[in-house]
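J.: Below: one structure in structure tokens.
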Amino acid sequence: MTQSKRSPTMSYPNLGYLKLDLFCRGARIGENCDFERDTRPVKRTRGGLGSGLDAILPNDVWVNIPVVESFAQSSPYEIVKRNQKYFLLREGQKICELRLPPPPLWYDEKTSSGKPIGYVGVMQGTYFSIYPSELCNFWKMSPKKNCQFCSVGLCLGQTESEEKSIDDVVQSVIAALKHERITFVHFNTGYIENDRALDIVMPYVEAVKKKTGLLIGVQCPPAIDLSKYDRLKKMGVNHVSFCFELFDPEKFETICPGKAEFFGRMAKSIKGDHLLEQIRLIAASHLKDREPHPAQLMFYRALLYCTKLFGKGRAAGEIISGLEGPTRSIQAIEFLAELGAVSTVCVFRPCIGTELETMAPPKPDELAIVFARMYEVCVEKNIPIGIAPNIKTAMVHLPEEGRWLSNRSYGLKGVRYDIMRSLMKTSFKALFTLARFGK
Ligand code: SF4
């Protein structure tokens, strides 16, 4: 059967497109669904953009499906339960079976301080995600300076606890390891004044690494003092990522007012920094028609430093597609690839309660080329992807899932790239098993 790369309505769908279509359109909750009993709770998490149902498409493709937002109520997709199985329908026609991860009853287990684990961290796809610090300081300012799409400040006290001790976190990670066989723990903070974000995260990272040997990723706003990244690397952090959200300088300033103001001020206070000048030139060459925002340069500076320090593919830049045109998203992806960084591309979701709640979600056909490009640049620049074992993201496409949206063929180069990836995957798995041995 000849399969169009982009049509989701065939009996065996293009999974890259289907995932994208679900991000953009969501799904209605249909007959017999009992998510409360059958799967993870649909709760807003402090990841800021999440609010949906984690589900697994064929080929073990994870997707977080919007189900509570108003746009999802008019989606052509519907989730139904028949004979104890869940299915995804489109306009009444069965598309595929939908597996749901089991209900995490262990979220109710308590740490030794009496905190329910579900208030310390949450599963996102196949990894455990922890927001260990105080609330992002942009939400605490008066007037608030939070990013307009973000829901982080709407969750506190409802689904998350602000105070988390190192023991709470270590015990919760051990529980996630036991119940879900995780391989990866992700630490995340919002903006913390006085360049303290990494200082706050480090003791948790160090303790979790020591006790479990699991892979660790850190996502914090950029540090001014770059030597903090050297300390992270020494602790064994495997991956770092930076959310600059938008490549377009004007959109960035409007949608992320706190980031624009505070990181812009920092950039102006740093004098004679050769990295800042180097990255300004690279970013401007990709933007073509304008200069990057000074605040964006702080994110790019830290990224450049980390791609050199951690190596190709171990630092990522995170953007939101659908809040700026696809051309800008593609420019961002190509810029990141030039640095040796991977792109993490979120699809804009107008989450309930946020300032952008009433905006329409993006159109999948307009974004498909963005996700194709996300994969293509990795082949073109030899950036290794999909190396670490058992990491499946539900909120974003894995770079390798972009392959299903690309029409490009790379011939011998593509074959060499796949061989390189497969060798790296095997040796990485062996090293990971060794590091976990005896923990
Ligand atoms: S920096 Fe922006 S996106 Fe991140 S937590 Fe703060 S308000 Fe949300």
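The values are calculated or read from the model by the stated rules, or taken from the named source; none is laboratory data. Note that the structure is predicted; figures quoted are calculated from it, not measured. These accessible areas exclude ligands, DNA and RNA; they are computed on the full protein's heavy atoms, side chains included. Shrake-Rupley method; radii C 1.70, N 1.55, O 1.52, S 1.80 Å.
J.: Output the relative contact order of the chain, whole-number percent, from Cα pairs under 8 angstrom with separation of 6+ residues.
T.: 16 percent.
J.: Taking only Cα atoms and a 10 Å spring cutoff, compute GNM fluctuations for the chain and point out the largest among Cys306, Cys147, Cys96.
T.: Cys96
J.: So, one more: For Tyr86, what residues show an amide H to amide H distance below 5 Å, using hydrogens built from the backbone and excluding near sequence neighbours?
T.: Excluding prolines and chain starts, which carry no amide H, the hits are Leu98.
J.: I need the phi-derived Karplus couplings for segment 231-236: 6.51 cos²θ - 1.76 cosθ + 1.60, θ = phi - 60°, integer Hz, Gly and Pro marked x.
T.: 5, 4, 5, 4, 6, x
J.: Same structure, new question: Output ³J(HN,Hα) for segment 127-136: one whole-Hz value per residue in order, computed from phi by the Karplus curve 6.51 cos²θ - 1.76 cosθ + 1.60 with θ = phi - 60°, and x for Gly and Pro.
T.: Each residue of segment 127-136 in turn: 10, 9, 10, 10, 10, x, 9, 4, 4, 3 Hz.
J.: Largest first, how would His274, His397 line up by accessible area (1.4 Å probe)?
T.: Numbers: His274 135, His397 5 Å².
Descending accessible area places them as His274, His397.
J.: Per residue and in Å³, how big is the convex hull formed by the alpha-carbon atoms of the chain?
T.: 142 Å³
J.: Principal axis lengths of segment 307-439 from Cα atoms, whole Å, largest first?
T.: Between the extreme Cα coordinates on each principal axis of segment 307-439 lie 50, 41, 27 Å.
J.: Report, by chain and number, residues whose modeled amide H sits under 5 Å from the one on Arg28, excluding near sequence neighbours (fewer than 5 apart, same chain).
T.: Sorted by chain and number, the residues that satisfy this are Ser75, Tyr77, Glu78, Ile79.
J.: Could you name the lysines whose alpha carbon sits less than 18 Å from that of Lys94, not counting residues in the same chain fewer than 8 places away?
T.: Cα-Cα hits under 18 Å: Lys19, Lys81, Lys85.
J.: Can you pull the percent of the chain's accessible area that's carbon plus sulfur, 1.4 Å probe, other chains left in place?
T.: 52 percent
J.: Let me ask something else. Given a 1.4 Å probe, how much area per residue of segment 282-416 is accessible, in Å²? Numbers along the way, then the final one.
T.: Working: 4750 Å² over 135 residues.
Normalised by residue count, the accessible surface of segment 282-416 is 35 Å².
J.: Could you pull the accessible area for Ser74 with a 1.4 Å probe, rounded to 10 Å²?
T.: For Ser74, the solvent-accessible surface is approximately 90 Å².
J.: Which length gain, in nm to one decimal place, applies between Asp289 and Met420 when the Cα-Cα distance is subtracted from 0.36 nm times their residue separation?
T.: My answer for the length gained is 43.5 nm.
J.: How long is the gain from Ile352 to Ser409 if the chain were fully straight, where each residue apart is worth 0.36 nm and the alpha carbon distance is subtracted? Working shown, then result.
T.: Numbers: separation 57, 0.36 × 57 = 20.52 nm, distance 4.04 nm.
Full extension from Ile352 to Ser409 adds 16.5 nm.
J.: Can you tell me how much longer the chain between Ile224 and Asn390 gets when fully stretched, taken as 0.36 nm per residue apart minus their C-alpha distance, in nm with one decimal?
T.: Length difference between fully extended and current span is 56.5 nm.
J.: I would also like to ask the following. Taking a probe of 1.4 angstrom, what is the accessible area of Phe87 in Å², to the nearest 10?
T.: The accessible area of Phe87 comes to roughly 30 Å².
J.: If you don't mind, another one. For segment 399-439, what D do you get in µm² per second when you plug the Kirkwood radius from alpha-carbon pairs into Stokes-Einstein at 37 °C and 0.692 mPa s?
T.: The calculation lands on 267 µm²/s.
J.: Pick from Arg99, Arg373, Arg290: which residue has the top mean-square fluctuation in a GNM of the chain where Cα pairs under 10 Å get a spring?
T.: Result for the chain, Cα springs under 10 Å: Arg290 fluctuates most.
J.: Using amide H atoms built in the peptide plane, which far-off residues or other-chain residues are under 5 Å from Cys243 H to H?
T.: Glu318
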